[in-house]
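Below is one structure, written out as structure tokens; the observations come after it.
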Amino acid sequence: MSSAGPSAATLDAVAVDFDQLKFSEVSRYFGRRRALARVTFACCAGEVVALLGPNGAGKSTVLGLAATILQPSDGTIRYGGYVAAEAGAPLRSRIGMLAHELQLYPELTARENLEFFAALSGLDETRARAAAALNRAGLGDRADDLVGGFSRGMRQRVALERALLHDPRLLLLDEPFTGLDERSSAALAERLSGLRARDRIILLTTHDFEAAEAIVDRAVVLRGGRIAAMATSGDSLRERYLASLRDEVEGAR
Amino acid sequence: MRRFVRVAWLIMRKDLTVEARSRELLFTTLFFAMSIVLVFAFGFVRDGRPVENAAAGILWIAIAFAGTLALGRTFERERYHDVLHALLLAPVDRPAIYVGKLLGILALLATVEAIVVPLIALMFQAPLFRHPVLAVALLALGTTGFAAVGTLFAAMLVRARSRDVLLPVLLYPITIPVIIAGVRGTAALLQPDADLAMARMWIGMLGFFDVVFLTLSLWTFEPVMTE
């Protein structure tokens, strides 16, 4: 865990690690359209933060920015003592992302997909890692089947394993419960609880309040690219979301 | 450096594995290139005698058009399922992704050329194999220069809605020097009395274009891919 990062020149030789993700006054424009406006929040190690909000609220943009795939138009994003532009590949090696599109090659088998991404991450024993990951996903017997033939839920499980292959510090999940049956949702929630216990930072978006209920510590409600509310009370996730919308409506009156 | 080469190799191997399964790009590109050669053969071969220097031009038209078709599709697999973002998030030097994609497209175009070149030699009675080393050097360097720029533009346009229209519009003006050098060098080789000095000069020119285009592409790939 670092509070102040080393210089860019020495980053390659240092294992980048961090215990906090912090957005400070982050804005993002796509052309003239504003997707995010001065968003400020932080997530710490051992915490699961849910980004809630209607479609188009800016949730996926926050994840894209946190993943370093997008660059902020304004403001800063810090990973402990590091910023993405300076830390580059060593920082990316500590980030895992499950996007809404599952980012798998349908023409490759599940095993080939995982081996490919494990090798890209510079991991050794890619075959054994891929086999272990597929067993965790309950797809060990489908390892040599093309991903294109999988159901959405099965692809979702493979994609989650892809995101976790390199044991990232920061895990970004865009609608992770989509397409999962009840048993798989429960298994995912249990998996995420385990990761939280291991001090991982988990930032997820969801509309499935029931499935996420057990694992979410804090909710950040976005609306129109702005933070509408930070919900930390003990109520259910759905109530926290609805209360934040009520507060916003009352505040606007 | 070893890691850079390994990543490029992984990307190329993945592209070739996918292509070996679907054969989508190979068949489309090959069919298109062969169609060009056959159509031109009807126009430029009269009474069994080809028009002078036609073979060189048709060879490079076939490579450029078929190459454009292949380049337009090379990042499609990454775009369809948003795998491009997974590649960009991987802890790798991003130019290695470019090199891997370029090697994949070069392997594909080399396969197409292995069939199209003998076809042109046959249809146009062109002595393309009289100086095989120089002919291979011209083809290899010309194709590399064309594909180096094309791969960068294909990556740049992957998120553009009208990418199929924009790719040739951007690509041809920039790669015209490569195509001209390829045509002139090949024409020098195909003369009854081959002008080897002229062919070598154009090969040197192609080598220069390749160095410039590859350097610029490697330099600009990362900023181009960062949104």
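Where a number appears in this text, it was derived from the coordinates with a stated rule and is not lab data. The structure presented is a predicted model; accordingly, all values stated were derived computationally and were not measured. Cβ placement follows ideal geometry from the backbone for every residue including glycine, while neighbour counts extend to all protein chains displayed.
For the stretch A:90-119: of the residues being in contact with a Lys or Arg (Cβ under 9 Å, 6 or more places away or on another chain) and free of Cβ contacts under 8 Å to residues at least 24 places away in the same chain, which is farthest from the other protein chains (Cβ to nearest Cβ)? Filtering first and then ranking leaves A:Glu115. Restricting the stretch B:86-96 to residues that are aliphatic (A, V, I, L, M), under 25 Å from the mean Cα position of the chain (by Cα) and within 20 Å of A:Leu165 (Cα to Cα) leaves a set whose member that is surrounded by the most Cβ atoms within 10 Å (Cβ to Cβ) is B:Leu87.
Restricting B:Val18, B:Val39, B:Val51, B:Val83 to residues that are over 16 Å from the mean Cα position of the chain (by Cα) and crowded, with 21+ Cβ neighbours inside 10 Å narrows the list to B:Val83. Can you tell me which residue in the stretch A:76-88 is farthest from the other protein chains (Cβ to nearest Cβ), limited to those that are in contact with a strand residue (DSSP E or B) (Cβ under 7 Å, 6 or more places away or on another chain) and surrounded by fewer than 20 Cβ atoms within 10 Å (Cβ to Cβ)? So, considering only residues that are in contact with a strand residue (DSSP E or B) (Cβ under 7 Å, 6 or more places away or on another chain) and surrounded by fewer than 20 Cβ atoms within 10 Å (Cβ to Cβ), the one farthest from the other protein chains (Cβ to nearest Cβ) is A:Arg78. Among the residues of this structure, A:Glu25 does not count as one that is touching a Ser or Thr at 6+ places or on another chain (Cβ under 8 Å), closer than 30 Å to B:Lys14 by Cα and more than 8 Å from chain B (Cβ to nearest Cβ).
Please work out if A:Gly153 is in a helix (DSSP H, G or I), more than 24 Å from B:Glu24 (Cβ to Cβ) and touching a residue at least 12 places away in the same chain (Cβ under 8 Å). Yes; evaluated as a whole, the condition is true for this residue. Looking for something out of contact with any helix residue (DSSP H, G or I) (no Cβ under 8 Å at 6 or more places or on another chain) and basic (Lys, Arg) - is there at least one such residue anywhere in the stretch B:159-167? Yes, the stretch B:159-167 has at least one match. Filtered by the rule that a residue be out of contact with any helix residue (DSSP H, G or I) (no Cβ under 9 Å at 6 or more places or on another chain) and over 20 Å from B:Glu52 (Cα atoms), the stretch B:122-155 gives B:Pro132, B:Val133, B:Val136. Residues considered: A:Leu91, A:Leu104, A:Leu51, A:Leu63. Of these, the only one that is crowded, with 22+ Cβ neighbours inside 10 Å, in a helix (DSSP H, G or I), touching a helix residue (DSSP H, G or I) at 6+ places or on another chain (Cβ under 9 Å) and at negative phi is A:Leu91.
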